[in-house]
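**Student:** Please read through the structure below; I'll follow up with questions.
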Amino acid sequence: MVIFKHWELLKHLTLREIKARYKQSFLGFFWIVLNPFFQMIIMSFIFSKVMRVQNLGVPYPVYVYAGLLPWLFFTNSLTNATGSLVLNSQLIKKIYFPREILVLSTLFSKTFDFFLASIIFLLLMVWFHMPFSFYMLLFIPIFIIQFLFAFGLSLLLSALNLLYRDIQYLFELILTLWFYLTPVLYATEFFPPKYRWIFRVNPMSVFINAYRQVLLTRSFPNWGSLLIGASISLIIYFLSRRFFKKMEGIFADIV
Amino acid sequence: MDPNVIVLKNVEKYFFLQHQKTLKELVQALFKKQKTLEQVHALKSVSFTIQKGESVGIIGRNGAGKSTLLKLIAGVSVPTSGSLTVNGKVVPLIELGAGFHSELTGRENIYLNGVILGLKESYIKSKLKEIIEFSEIEKFIDIPIKYFSSGMQMRLAFSVAVFVDPEILLIDEILAVGDIEFKEKCLKKMEEFKKRGVTIVFVSHSMENVENFCERVIYMKEGKIEFDGDTKRGIDLYLK
C-alpha cells in the first residue's frame with residue numbers, strides 16, 4: 001500500500017498544506033471553523049425564520065450542520081485536489097514518487113479541517129440538549145466511504161486537469177448544481193416523490209442521509225442505500241486509479 | 001553486482017506538445033486551423049551504458065533532449081519504446097526550491113525536502129545539525145524561506161541533497177546560482193561522492209565544470225547522440 005510505504009512523505013506533504021494555511025493568515029485555524037459556522041448561521045436564519053422549514057424533528061442548525069460539514073469536505077477536497085498536480089508540477093518533473101501521494105495529502109489536510117470543524121457540531125448538540133449515543137460512532141465508517149468517493153474522483157479530475165486546465169472551472173460549475181441536488185439545506189422528504197431517485201444514485205446524498213441517521217435520529221443508517229453509495233465509490237475509485245496510473249508515465253511530459 | 005548501473009537500448013521518446021492548455025484556446029485554434037497537438041521526437045534511438053562510479057557530462061543545445069534524458073533516468077517519465085534499466089538509488093538534485101514551500105521555515109523545509117528525496121525522518125533528525133552547518137545559514141534557519149534570497153534557498157536545497165547518500169546522482173544545472181565560495185564547496189562535495197564510487201550524471205552548459213568534473217561526455221544533438229566519449233574531444237566538437 002502506497003500509504004504505508006510512503007507514510008513519511010505523505011505526512012510531511014500534509015503538514016505542509018496545513019501549516020502553510022495557518023501561517024498565511026492572522027486567525028489561522030479559526031477560519032477553518034468559522035467559515036462553516038457562519039454558513040450554518042446564515043442558512044439557519046433563512047430556512048428556519050424566512051422560509052420556515054418545519055417538521056425536521058431536530059433543531060435546524062444541527063440538521064443543516066450535519067449536512068454542511070460532509071459537503072464542505074467534499075467540495076474543498078475536490079477543488080484543491082484537482083489542482084494539486086498542476087500546483088506541484090516542479091516536483092513532478094524532477095523526482096519520482098507515486099503521484100497519488102500529492103492528491104492524498106490534499107485530502108488528508110481537508111480531513112483535518114473536517115474533524116476540526118466537527119468540534120462545533122458536538123458543541124451544538126450540547127447546546128440543543130441532544131443526547132449522544134453509540135450510533136454516533138458509525139460516522140467513522142461512513143466517512144471512510146465518503147473519503148474513498150472523494151479520492152476516486154480526485155484522481156480522475158487531477159489527471160484530466162493536467163491536460164486541460166478548464167476541468168477545474170467546469171467542475172466548480174458542476175459542484176454548484178450538485179449542491180442543490182444534495183439534501184444539505186433540506187430533507188429528502190421535501191422533494192416530490194417522483195424525483196427522489198436522484199438521491200439514491202447521488203452518493204453525496206446517501207452519505208449525508210446516513211450521517212444524519214446515526215448522529216441525529218440515533219439509528220442505523222439505511223444499509224441498502226449505503227451499499228449502493230459504497231459500490232459507486234469503489235467502482236469510481238478503481239476506474240479512476242487505473243486511468244491515473246496509466247497516465248502517470250506521461251505526467252512529467254505534459255505538465 | 002552488475003557494474004552497468006544505467007543501460008539504455010534504442011530508447012525512443014515521443015511526446016505531444018500541447019499548444020493550448022485551455023478549452024478557449026483550443027476552440028480558437030481549431031477555427032484558425034492552427035496546430036493543436038505537435039508530436040515531438042525528443043530522443044531518437046539513444047543507446048548507452050554508464051558504469052558504476054562514472055561521471056558523465058551531458059552537453060548540447062537547448063532542446064537537444066538533455067532534460068528528457070534525465071527525466072527518463074530519474075523515472076519521472078517513461079520511454080515510448082526501447083529499454084531502460086537503472087540499478088541503484090537515483091537522487092536528482094532538485095532545482096532551486098522545487099520541493100520547498102515558501103511559507104515554511106528553513107528547518108521545516110529541510111524535513112520536507114528530505115522526505116521528498118526519500119530520506120527517513122529519523123535520519124534527517126540525526127543529520128539536522130550537519131545539514132544546517134553545511135548550508136551556513138544557521139542564523140535564518142527558523143524564518144520562512146520566502147525571506148531568503150535565491151542563493152540562500154539554493155544553499156539549503158543543496159545541503160539537504162548532499163546528505164542523501166545516493167548511488168546515482170543527477171545534476172541539472174544546479175550550480176548556476178550561488179556565490180563562488182559555495183560553488184567550490186559543492187564541487188568539493190561532488191568530488192567526494194565521486195571518490196566514494198557514486199555514479200554522476202551531470203547536465204550543464206558550463207563547459208568549464210563539465211571539463212573539470214567528467215571524464216566522459218555525451219553530446220546530444222536534435223535527440224540523437226552525436227558523440228560519446230572523451231570529455232575534451234566532445235566539448236571541442238560541441239563548441240565547433
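**Student:** Out of A:G57, A:G28, I need the residue that is at positive phi and touching a residue at least 24 places away in the same chain (Cβ under 8 Å). Which one?
**Tutor:** Matching residue, one of A:G57, A:G28: A:G57.
**Student:** Name every residue in the stretch B:103-135 that is at the interface with chain A (Cβ under 8 Å from one of its Cβ atoms) and of a type outside the set (S, T, Y), in order of residue number.
**Tutor:** B:E103, B:L104, B:E108, B:L112, B:V115, B:I116, B:L117, B:G118, B:K120, B:E121
**Student:** May I pose another question? Taking the stretch A:108-129, which residues are over 18 Å from A:N35 (Cβ atoms) and assigned to a helix (DSSP H, G or I)?
**Tutor:** A:F108, A:M125, A:V126, A:W127
**Student:** If a residue has to be free of Cβ contacts under 8 Å to residues at least 60 places away in the same chain and of a type in the set (S, T, N, Q) to count, how many in the stretch A:224-255 make the cut?
**Tutor:** Matching residues across the stretch A:224-255 total 2.
**Student:** So which residues in the stretch A:133-161 are among the hydroxyl-bearing types (S, T, Y) and surrounded by fewer than 17 Cβ atoms within 10 Å (Cβ to Cβ)?
**Tutor:** Across the stretch A:133-161, the qualifying residues are A:S133, A:Y135.
**Student:** Looking only at the stretch B:192-225, which residues are of a type in the set (F, W, Y) and out of contact with any Gly (no Cβ under 8 Å at 6 or more places or on another chain)?
**Tutor:** B:F193
**Student:** So, one more: If you scan the stretch A:18-30, which residues turn out to be under 17 Å from A:N76 (Cβ atoms) and either aliphatic (A, V, I, L, M) or exposed (fewer than 14 other Cβ atoms within 10 Å of the Cβ) (or both)?
**Tutor:** Residues satisfying the conditions are A:I18, A:A20, A:Q24, A:S25, A:G28, A:F30.
**Student:** Residues to consider are B:F100, B:F16; find the one that is within 30 Å of B:K146 (Cα to Cα) and modelled with pLDDT under 90.
**Tutor:** Sole residue among the options that is within 30 Å of B:K146 (Cα to Cα) and modelled with pLDDT under 90: B:F100.
**Student:** Let me ask something additional. Sort through B:I6, B:I73 and tell me the only one that's more than 30 Å from A:F171 (Cβ to Cβ), within 13 Å of another protein chain (Cβ to nearest Cβ) and either in contact with a strand residue (DSSP E or B) (Cβ under 9 Å, 6 or more places away or on another chain) or surrounded by fewer than 17 Cβ atoms within 10 Å (Cβ to Cβ) (or both).
**Tutor:** Checking each option against the conditions leaves just B:I73.
**Student:** Continuing with the same structure: Identify, by number, the condition in (1) in a strand (DSSP E or B); (2) among the charged types (D, E, K, R); (3) within 14 Å of chain A (Cβ to nearest Cβ) that B:K44 doesn't meet.
**Tutor:** Just one mismatch for B:K44, condition (3).
**Student:** Still on this model: Could you check the stretch B:76-102 and list, in sequence order, the residues that are of a type outside the set (V, I, T), touching a Lys or Arg at 6+ places or on another chain (Cβ under 7 Å) and either without any contact (Cβ under 8 Å) to a residue 60 or more places away in the chain or more than 10 Å from every other protein chain (Cβ to nearest Cβ) (or both)?
**Tutor:** Selection gives B:G82, B:S83, B:A98, B:H101, B:S102.
**Student:** Only one of (1) more than 11 Å from chain A (Cβ to nearest Cβ); (2) touching a residue at least 40 places away in the same chain (Cβ under 8 Å) is not met by B:Q28, so which one is it?
**Tutor:** All conditions pass for B:Q28, except number (2).
**Student:** While we're here: So is A:L87 within 14 Å of chain B (Cβ to nearest Cβ), open to solvent by less than 40 Å² (accessible area, probe 1.4 Å), over 19 Å from the mean Cα position of the chain (by Cα) and closer than 28 Å to A:R242 by Cβ or not?
**Tutor:** Judged against the criteria, A:L87 is not a match.
**Student:** Name every residue in the stretch B:201-212 that is surrounded by fewer than 21 Cβ atoms within 10 Å (Cβ to Cβ) and either part of a helix (DSSP H, G or I) or β-branched (V, I, T) (or both), in order of residue number.
**Tutor:** Listed by number, the residues that qualify are B:M207, B:E208, B:N209, B:E211, B:N212.
**Student:** I'm checking my understanding of the structure. Among residues of the stretch B:47-65 that are farther than 20 Å from B:V198 by Cβ and open to solvent by less than 50 Å² (accessible area, probe 1.4 Å), which one is nearest to the other protein chains (Cβ to nearest Cβ)?
**Tutor:** B:G65
**Student:** Just to confirm my filter: which helices (runs of 4 or more DSSP H) fall fully inside the stretch A:1-58 and include at least 2 residues that are within 9 Å of another protein chain (Cβ to nearest Cβ) and more than 23 Å from A:P70 (Cβ to Cβ)?
**Tutor:** So the answer is A:7-24.
The values are calculated or read from the model by the stated rules, or taken from the named source; none is laboratory data. From a predicted model like this one, the values you see are computed outputs, not experimental measurements. Every residue, glycine as well, gets a Cβ built from its backbone with ideal geometry; the counts of neighbours run over all protein chains shown. Areas reflect the complete protein model, heavy atoms only, side chains present, ligands, DNA and RNA absent. Shrake-Rupley method; radii C 1.70, N 1.55, O 1.52, S 1.80 Å.
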